[in-house]
1. Taking just the C-alpha trace of the stretch 63-182, give me its Rg and Dmax in Å.
2. Using square roots of five times the C-alpha gyration tensor eigenvalues, list the equivalent-ellipsoid semi-axes of the stretch 173-318 in whole Å, biggest first.
3. Which value, in debye to the nearest 20, describes the size of the charge dipole of the stretch 109-234 about its Cα centre when Lys and Arg Cβ atoms bear +1, Asp and Glu Cβ atoms bear -1, and nothing else is charged?
4. Taking a quarter of the surface of the convex hull around the Cα atoms of the stretch 292-337, what do you get in nm²?
5. For residue 402 and residue 597, what is the calculated FRET efficiency with R₀ set at 45 Å and r taken between the beta-carbons, to the nearest 0.05?
6. Which FRET efficiency, nearest 0.05, do residue 298 and residue 463 yield, Cβ-Cβ r, R0 51 Å?
7. If you stretched the chain out fully between residue 325 and residue 433, how much longer would it get, using 0.36 nm times the residue separation minus the C-alpha to C-alpha distance?
8. No solvent, one uniform scatterer per C-alpha: report log10 I(q)/I(0) for the stretch 197-256 via the Debye equation at q = 0.12 1/Å, two decimals.
Amino acid sequence: MHIARPLSGPKSIGPLLDEQGATDGGRVALLSVDGRSMSRAELAQYTRHVALHLARLGIVRADRVAVVAPNSVDMAVALLGVMRSAACAPLNPLYTQAEIEYFFADLQVRALVVTVGSPPLAREVAMRQGIPVIEVGAATYAAADRAAESDLPPAAEDDIALVLHTSGTTSRPKQVPLSHANLAASMANIAASLQLTPEDRALNVMPLFHIHGLLAGLLAPLASGASVVCPPSLQLPAFFDWLERFGVTWYSAVPTMHQAIVAVAPANGAPANGAPRLRFVRSSSAALAPSTLAQLEALFGCPVIEAYGMTEATHQMASNPLPPRARKPGSVGLPAGPEVAIIDADGNLLPAGTRGEIAIRGDNVMRAYHGNPDANRSAFTSGWFRTGDEGCFDADGYLSITGRLKEMINRGGEKITPREIDEALLAHPDVAQAVAFALPHPTLGEDVAAAVVPHEGRQVSAEALREFLFERLADFKVPSEVIVLSQIPKGPTGKVQRIGMAERLSAHRQHAFVEPRDAVEAILAQAWAEVLGIDAIGMDDNFFALGCDSLKAMRAVAGIEAMLPVELPATDIFRHPTVAGLAGRVRLMLGPDVIAELERLLDEVAPEVAAVQADRSLDEHAT
C-alpha cells in the first residue's frame with residue numbers, strides 16, 4: 001500500500017481564480033491559437049460574470065448546468081464559470097439528438113452554456129425543453145468589463161463542481177459527481193508529479209469534456225500558475241508550429257495522438273535535431289506502446305511520463321516520476337495521488353508481486369456514484385474504490401496494469417459501455433440478439449465490434465446496421481465491424497461472454513482477398529495501403545481492423561483528395577470502412593464522365609506499371 005502526499009491551497013475553483021487574479025493578474029492564463037490571450041485577472045473576472053449570470057437565473061450550487069462546446073478559450077471560461085456557481089456537466093459536442101436528450105434528462109439540466117462555435121443541436125434541444133441557454137464569448141467579456149459585480153459566495157469544499165459520465169458494465173453510463181475538494185486534490189497531485197511552475201506552458205490537445213483534458217490539460221496547469229494554450233483539437237502539422245510559436249514546455253495526450261505526432265514528424269520538418277524543446281511529454285488514458293515512447297523521446301529529446309487515471313479518481317492515480325528518479329516503460333509508475341493497493345475478491349490487501357484488483361482511496365476519489373446504490377455497493381469495499389483493473393506492484397513500488405476485470409471497452413481513451421450498443425442494435429426491427437465486444441487494435445488499444453443474430457426469416461446487412469447505429473449513437477461508439485451470425489457463441493453456463501468474443505469469432509472475420517475492380521477502387525486502395533503501411537489492401541478489408549484510427553483516417557482523406565477531384569468528409573471513412581463501401585460513395589461524387597476518364601488513364605499506365613514491376617522482380621531474383 002502506498003500513501004499520497006499532503007495537500008494545501010484553495011479548495012474550490014472560485015477562490016483559486018480570484019487569488020491568482022489579485023496577486024498575479026497581469027500574467028497570461030489562457031491562449032488561443034488565433035493569437036488571443038486572457039490574463040489571470042480577466043479569467044477571474046469573466047468566470048465570475050458567468051457564475052453571477054447563472055445565479056440571477058435562480059441556479060444554485062446543487063443544480064447541474066451542461067456545457068456543450070468545442071475546445072477553446074471560451075469553453076475554458078464557460079467550464080470554470082459554471083463550476084463557480086453550480087455543478088458543471090460538460091458533454092461531447094458530437095452527441096446525437098437522442099444522446100443529448102438522454103443526458104439532459106439524466107442530469108436534470110437546469111441551464112445550457114455554449115460558445116459561438118457550439119453545434120446548434122444542443123441549443124435546439126434546450127430551447128424545445130425550456131432550458132435557458134447562455135453563450136460565452138466576446139459579448140460576455142464586454143458585459144463583464146462594464147458590470148459592477150456583486151459578491152459571489154465561494155463554493156464549499158464538499159459542493160459538487162463537476163459531473164461526468166463514465167461507462168461500466170451496467171446498461172447506462174453512471175454519473176460521477178466530483179467535489180471542489182476532489183478537484184483541488186487532483187490538481188495538486190498532478191502539479192506535484194510534473195513539478196509544474198508558473199514558467200510552464202501547456203498545450204492542451206485533449207477534449208475538455210474528458211477528465212484527462214479537464215484536469216491535466218487545464219486545471220492543474222492553472223492551479224500551478226502556468227498558462228495553457230487551447231487549440232480546437234490536435235491538428236497536424238500545425239501542432240509543431242504551436243509548440244514553437246507559444247513556447248510550449250509540455251503536453252499530455254492519449255497514445256493514438258502520440259502515434260500520429262511521431263508518424264508525421266519526419267514529413268513535416270520536425271526531426272529530433274529540429275523539434276521544439278519540451279521539458280517532458282505526458283501520456284495517459286490508455287497503454288502507451290514502448291516503441292512509441294522511445295520514438296517520442298528521440299523526437300523531442302525529453303522524458304515521456306506515462307500515467308494512470310480514471311474519472312472516479314478525478315483523473316490521476318499513478319505516474320512515472322520525472323528524472324532523476326527512474327521511469328519504467330510499460331508500467332504506470334508510482335502512486336501519485338490517492339492510496340493505491342492491490343486487493344483480492346474479498347477486499348484483502350495483497351503483497352507486492354501478486355496480481356489482484358487495483359483499489360484506491362483518498363481526497364481525489366469521488367464519494368459515490370449519483371443515484372446508483374447497486375453500483376456503489378459493488379464499487380466500494382471497506383472504504384476502497386475498486387477500479388475494475390487488474391494489476392500488481394513490483395519490488396520498487398511501480399504499478400503495472402495486467403488486465404481488465406470489467407467489460408468496458410477502452411477505444412483510444414474513450415470508455416464505451418457495450419450494453420449501450422447492444423440496446424441500440426436490439427432496437428432494430430430485424431435484430432433478435434446482439435452483443436458488442438472489444439477487438440484488439442494496434443493504435444487505439446481496443447476497437448469496438450458487434451455480433452448480431454437476425455429474427456428468424458429476416459435478413460439484415462452489416463452496412464445497414466451500422467447506418468442504423470450512426471443515427472442513434474455518437475460516431476466513436478459505432479462498431480467498426482458488425483458480424484451477422486446464425487447464433488452467438490456462449491460460455492459453459494449458457495451466458496454470452498464478451499471477454500474472448502473476438503477470438504471466438506476470428507474465423508467469421510476472415511474473408512477472401514479481393515483485387516480492385518475499377519479505377520476508383522484502385523486509387524482508394526493505393527491511398528489506404530500507403531497510410532496503413534501495408535503492401536496491398538483487399539476491397540472488403542476493414543480499415544480499422546488493419547490499424548486505422550481517426551488521425552490516419554484524416555491522412556487517408558488528404559491522400560484521396562490529392563488524387564481525385566472530391567471533397568471527402570472524414571465521417572465517410574467511419575461510415576464506409578472498406579474500399580468497396582467507400583468507392584460507392586466516391587463514385588456518386590465523381591459522376592460517370594470522370595470515372596470513364598480515370599479508367600482510360602489507368603489503362604494507359606497499366607503496361608508501364610507492369611513493366612516496372614517485372615524489372616524489379618528480375619533484379620530481386622538476380623540479387
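We did not get these values from a lab; they are worked out from the coordinates using the rules stated. None of the values given here were measured: they were computed from a predicted structure. Positions of Cβ are generated from backbone atoms using ideal geometry, with glycine treated the same way; all protein chains shown enter the neighbour counts.
1. Over the stretch 63-182's Cα set, Rg and Dmax evaluate to 14.7, 50 Å.
2. Computed over the stretch 173-318, the values are 25, 16, 13 Å.
3. Working: 7 positive and 10 negative charges, 117 e Å.
Roughly 560 debye for the stretch 109-234.
4. Details: hull surface 14.0 nm².
Seen from a random direction, the Cα hull of the stretch 292-337 projects 3.5 nm² on average.
5. Values: r = 56 Å, r/R0 = 1.25.
That gives a FRET efficiency of 0.20.
6. Values: r = 42 Å, r/R0 = 0.82.
In this case the efficiency is close to 0.75.
7. Values: separation 108, 0.36 × 108 = 38.88 nm, distance 5.21 nm.
Value of the extension gain: 33.7 nm.
8. -0.25
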